[in-house]
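The values are calculated or read from the model by the stated rules, or taken from the named source; none is laboratory data. Just so you know, these numbers come straight off a predicted model, no measurement behind them. Please note: Cβ atoms are built from the backbone with ideal geometry, for glycine as well, and neighbour counts cover all protein chains shown.
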Amino acid sequence: MEVVAVARKPEVFVRAVTPEEGRKLAQIARRSKVPVRMRRAVVVMASAQHQPVGLIAKLMQVSESYVRQVIHDFNAHGFEALDPKWQGGRPAKTDQTMREVDLSDRPVLSP
């Protein structure tokens, strides 16, 4: 019988966090009004405490790829990575010309 080694993904951890950064992360995790920012701060704090990606994902109920992405973004961009990147959303069904209705051609209803 042959034993096959199964490769594990290497663990990803956040860079070393200074005590001041740790306090700022804790404050964001406790007081942020933006849920995305709060969740990302908790992920970074857990990684700074050397929690493995799988455990953080399970505790936060997010995917492991999300945890890895947050850690990589924080390592690259710092606290700026915690802010949500809002995008345009669904395209409008009408354009500006359709919204500008000329009301002068419509009859006036008398009470």
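Tally time: how many residues in segment 36-78 are surrounded by fewer than 16 Cβ atoms within 10 Å (Cβ to Cβ), over 12 Å from the mean Cα position of the chain (by Cα) and of a type in the set (A, V, I, L, M, F, W, C)?
3
Of the conditions (1) outside any loop (DSSP other than H, G, I, E, B); (2) at pLDDT 95 or above, T97 fails just one. Which one is it?
(2)
If I ask for residues that are more than 17 Å from D83 (Cβ to Cβ) and surrounded by 12 or more Cβ atoms within 10 Å (Cβ to Cβ), which ones from segment 11-25 would you list?
E11, V12, F13, R15, V17, G22
Select from segment 27-42 the residues that are of a type in the set (D, E, K, R) and touching a residue at least 12 places away in the same chain (Cβ under 8 Å) and write down the one among them that is nearest to V17 (Cα to Cα). Give the steps one after another, and end with the answer.
Here is the first cut: in segment 27-42, the residues of a type in the set (D, E, K, R) are 30-31, 33, 37, 39-40.
From the residues that got through so far, the ones that are touching a residue at least 12 places away in the same chain (Cβ under 8 Å) too are 37, 39-40.
Numbers: R37: 17, R39: 17, R40: 15 Å.
In this case the residue turns out to be R40.
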